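Peer 1: The following block contains the structure, expressed as structure tokens.
The values are calculated or read from the model by the stated rules, or taken from the named source; none is laboratory data. This is a predicted model, so every value here is computed, not measured. As a convention, Cβ positions derive from the backbone with ideal geometry for all residues, glycine included, and neighbour counts pool all protein chains shown. With ligands, DNA and RNA removed, areas are computed over all heavy atoms of the protein, side chains included. Shrake-Rupley method; radii C 1.70, N 1.55, O 1.52, S 1.80 Å.
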Amino acid sequence: MENTKEIVLVILVFLFLGCDSQKKYYDSHFNQISNTKDLKEIKLNLIRYENKLNIVSDYIIGVGGNDEKINFEKKGFLLQDSIYSSKIGSYQLVDNIIDVPTYTEMEKNTLYKDKNNIYYNATSRNSNYPYLILDLNVSESKILPGGYIKDSKTVYSYGGVVCTKIDSTDAKGFSVIQLKDTITNKVFYRGRNKKSIYWNESKMSIEDLKLLPIGRKQKDSLYKTFLLE
């Protein structure tokens with residue numbers, strides 16, 4: 001019996017290591033890295049390769065399906081040795097921009113920060129360079145429910161397909177409202193500011209509001225508070 005347990009344990013360990021060894025990594029030029037021993041894990045999604053610090057995301061590609069729709073599948077992991085900064089409008093080397101000791105995860109696989117910047121993962125479905133630096137003050141920034149992050153001057157929506165700066169809103173007054181879906185009984189959120197309501201980065205119209213699956217009382221309150229002069 002003990003021998004059987006040992007054999008099973010060995011098989012499980014072998015399978016685990018086998019699966020791990022088959023992880024595929026691609027450099028910033030989309031070339032597969034053949035010798036993964038050259039990769040050194042540093043912290044969270046940071047890996048050093050060829051003496052450069054890289055930030056890593058899932059490498060997801062679009063594949064044509066039988067129904068003519070594009071299906072997405074994970075090919076491996078994509079290394080990114082430079083990162084676009086929305087603060088200065090250009091790419092910077094990850095080695096020169098990320099402060100490793102203060103680097104932490106804010107929201108799993110999506111938002112990261114260090115003492116200087118906030119980093120957003122747009123995923124490789126949306127960009128060949130998935131990560132970007134948001135134009136936010138780290139010490140003032142906070143995440144709001146519904147896929148929003150803001151500081152005292154700027155609001156970003158990242159709940160939709162891409163992360164978008166909302167230019168036409170007052171960041172200080174921006175918050176979210178909690179609504180309840182009367183069909184699924186689940187809670188969801190919309191952005192709010194003065195007399196405007198947002199669905200992701202877009203202002204909702206009266207017609208949009210009419211289509212919200214919420215109770216009459218909540219809907220009347222939204223009409224009066226935000227959309228009527």
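Peer 1: Does region 162-182 contain at least one residue that is touching a Cys at 6+ places or on another chain (Cβ under 8 Å), open to solvent by 30 Å² or more (accessible area, probe 1.4 Å) and assigned to a strand (DSSP E or B)? Give the derivation first.
Peer 2: Taking region 162-182 first, the residues touching a Cys at 6+ places or on another chain (Cβ under 8 Å) are none.
Looking through region 162-182, none of the residues is touching a Cys at 6+ places or on another chain (Cβ under 8 Å), open to solvent by 30 Å² or more (accessible area, probe 1.4 Å) and assigned to a strand (DSSP E or B).
Peer 1: If you check every pair at least six apart or on different chains, which have Cβ atoms under 9 Å apart with a residue in region 70-88 that is on the phi > 0 side of the Ramachandran plot first and a residue that is modelled with pLDDT of 90 or more second?
Peer 2: Taking only residues 6 or more apart or on different chains, the pairs are Gly76/Lys24; Gly76/Tyr25; Gly76/Tyr26; Gly76/Gln32; Gly76/Asp58; Gly76/Tyr59.
Peer 1: Something else now. For the structure I just gave you, tell me whether Ile33 is modelled with pLDDT of 95 or more, more than 17 Å from Asn121 (Cα to Cα) and of a type outside the set (Gly, Ala, Ser).
Peer 2: yes
Peer 1: Take the residues of region 196-229 that are closer than 21 Å to Gly159 by Cα and part of a loop (DSSP other than H, G, I, E, B): which is modelled with the lowest pLDDT?
Peer 2: Ser205
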